[in-house]
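Worksheet for the structure shown next.
The values are calculated or read from the model by the stated rules, or taken from the named source; none is laboratory data. All figures in this text were calculated on a predicted structure; none of them were measured in a lab. Note that each Cβ is placed from the backbone with ideal geometry, even for glycine, and that neighbours are counted across all protein chains shown. When the accessible area is computed, the model is the full protein with side chains, heavy atoms only, and any ligands, DNA or RNA have been set aside. Shrake-Rupley method; radii C 1.70, N 1.55, O 1.52, S 1.80 Å.
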Amino acid sequence: PGPLAPVVERRPPWPVPDLCSPRAIVLICGARAAYVGPSLRLTAHRNAVAVVAVGLDAPFALTDEHGAERTDVALIAPGRKTRLEGEGRLVFLYLDAFSSDHQALRRGLPADLRTRFEARPEVLDSGDAAELFGLAGLPLRGARDHRITAAVRRLDAELSLSTASAARLTGLSPSRFQVVFRREAGAPYRRYRTWRRMAAALSAAVAGRSLTEAAHAAHFASSAHFSAAFRGMFCLSPSHLLASLER
């Protein structure tokens, strides 16, 4: 509930053999994002965000400059070039590199993470971001300071809202606003604003608008600007993701 509620995008099922649940779900909630579905068969790449990867149906192969390993759970650091190859359903939790979430998980993932997901299959299909991230040991994220809540609501209505304008809305100086915002939202304001813009653009694209229309609606200069920003964050093009969801 409230201004930090997730944006949930669902597409109809598509035929994928040997999968218990072929439907993919994408969530963007605050400075967190998640993908639940079949492997996207990505080539070697670097993410600008931290990624928690969980193989639900089978272990996956993770290859980097140090070699290859087979595992069912991994925390992939931002900027680390990796290739992930797996079969069946996977969960990817994307966390902003500058967020308190990433700092918390750097101390170690829960030892029973895959078991937690296996024990709560309904969470994987519910679109409940709070429960999904809660399984990874991350707390419910929500602004308790009414000033920050007001700023987030204005941001969702005005995605071009500058740091200075958001600070004036709260009655704080820009420097103090950024400190309080990061404490409450878990990520720096500008990074948070980028996540919300991406959520708005994806929501518009899934609703049937072209990438150009979706990009402009989310205050990106063009579809190319949006695609470049999205690839820089996730190393995945929006069109690739949308095509996967359509199947």
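Applying the selection to the stretch 129-143, what residues are modelled with pLDDT of 80 or more, assigned to a loop (DSSP other than H, G, I, E, B) and open to solvent by 20 Å² or more (accessible area, probe 1.4 Å)? Don't jump to the end; show me each part of the working.
Within the stretch 129-143, the subset modelled with pLDDT of 80 or more is 129-138.
Those left that are additionally assigned to a loop (DSSP other than H, G, I, E, B): 136-138.
Scanning the stretch 129-143 gives a single hit, G137.
Would you confirm, using the coordinates I've provided, whether D112 is surrounded by fewer than 20 Cβ atoms within 10 Å (Cβ to Cβ), at pLDDT 90 or above and more than 20 Å from the chain's Cα centre (by Cα)? Walk me through how you get there before you give the answer.
Details: surrounded by fewer than 20 Cβ atoms within 10 Å (Cβ to Cβ): yes; at pLDDT 90 or above: yes; more than 20 Å from the chain's Cα centre (by Cα): yes.
Judged against the criteria, D112 is a match.
Strands (runs of 3 or more DSSP E) wholly in the stretch 26-104 with at least 3 residues that are buried (at least 21 other Cβ atoms within 10 Å of the Cβ) - which ones? Give the derivation first.
On the way: elements: 32-38, 50-55, 60-64, 67-71, 73-76, 83-85, 89-95.
Of the strands (runs of 3 or more DSSP E) lying wholly inside the stretch 26-104, those with at least 3 residues that are buried (at least 21 other Cβ atoms within 10 Å of the Cβ) span 32-38, 50-55, 89-95.
Considering only the stretch 207-217, I want to know if a residue exists there that is open to solvent by less than 40 Å² (accessible area, probe 1.4 Å) and farther than 26 Å from L140 by Cα. Full working, then the answer.
First pass over the stretch 207-217, keeping only residues open to solvent by less than 40 Å² (accessible area, probe 1.4 Å): 214-215.
Applying the additional criterion that residues be farther than 26 Å from L140 by Cα yields 214-215.
Yes, the stretch 207-217 has at least one match.
Could you tell me whether S239 is open to solvent by 30 Å² or more (accessible area, probe 1.4 Å), in contact with a Ser or Thr (Cβ under 9 Å, 6 or more places away or on another chain) and more than 19 Å from A33 (Cβ to Cβ)?
Values: open to solvent by 30 Å² or more (accessible area, probe 1.4 Å): yes; in contact with a Ser or Thr (Cβ under 9 Å, 6 or more places away or on another chain): yes; more than 19 Å from A33 (Cβ to Cβ): no.
Spelling it out, it is not the case that S239 is open to solvent by 30 Å² or more (accessible area, probe 1.4 Å), in contact with a Ser or Thr (Cβ under 9 Å, 6 or more places away or on another chain) and more than 19 Å from A33 (Cβ to Cβ).
Could you tell me how many of the residues in the stretch 146-175 are free of Cβ contacts under 8 Å to residues at least 12 places away in the same chain and outside any helix (DSSP H, G or I)?
Result for the stretch 146-175: 3.
How many residues are within 15 Å of V26 (Cβ to Cβ) and in contact with a helix residue (DSSP H, G or I) (Cβ under 6 Å, 6 or more places away or on another chain) if we restrict to the stretch 199-217?
The initial filter retains those residues of the stretch 199-217 that are within 15 Å of V26 (Cβ to Cβ), namely 199-207, 214.
With the extra rule that they be in contact with a helix residue (DSSP H, G or I) (Cβ under 6 Å, 6 or more places away or on another chain), the set shrinks to 201, 204-205, 214.
Result for the stretch 199-217: 4.
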